[in-house]
Amino acid sequence: MSAQTPFSKQDVRLIPKPLWGFSLASLCVASSWNIVRDEALTSSGSQCRFRCLPGRHDGTLEAHERWSYDQSGTVTLQEIWPLCRNCHELFHPGRTLAHSGQAGLDRLTRRYAAAAGVERREAQRRYAAAFHSHSIASKIQRWTIDTSLVSPHFPLKAKRAKLASLGLHSWNPYPFADAILASPNA
């Protein structure tokens, strides 16, 4: 993406509630994550993907995992963006709302509008659409995680001993739900 290309409407994707706390970084051991992160950061020339905010970049790059969430309950890693902290925050309005309330979200929306080159009303619509998609996807409790984008290139060692590596993996945030529902006393 060129330095002056505006963000698209699909850039903001909120993490469905059952997947909160889940990330590629949280699934694999640090040595595996460091390889993936470092590759994403260095392949960009160690520059923020969105260099459209002159003077706003603090020089520290973070790896932003881009996942797609479909209605069948599959979450697929699509790419990893190198972003400075200021740009990275633009893609996490839910976190901003949780930590800073509506006033924080309003400030973030103004920043997003400036960075995306859109009117504030359009930025509000984009965030509203992301929150709406989030509420629909959050109703899905079981997810299949697809990390095939990176797993063939980087043998990812999973943190959990039962998983030798990552690829397709089922995620159930409520592991005892089936046992409770199957219980004759339920």
Requested in this report: Mind checking the per residue accessible area of segment 10-151 for me, 1.4 Å probe, whole number of Å²?
Outcome: 48 Å²
**Report entry** Glu39 accessible area, assembled protein chains, probe 1.4 Å, Å²
**Finding:** 90 Å²
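The values are calculated or read from the model by the stated rules, or taken from the named source; none is laboratory data. Since we're looking at a predicted model, the values are computed, not measured. The protein model used for the area step is the full one, side chains on, heavy atoms only, and it has no ligands, DNA or RNA in it. Shrake-Rupley method; radii C 1.70, N 1.55, O 1.52, S 1.80 Å.
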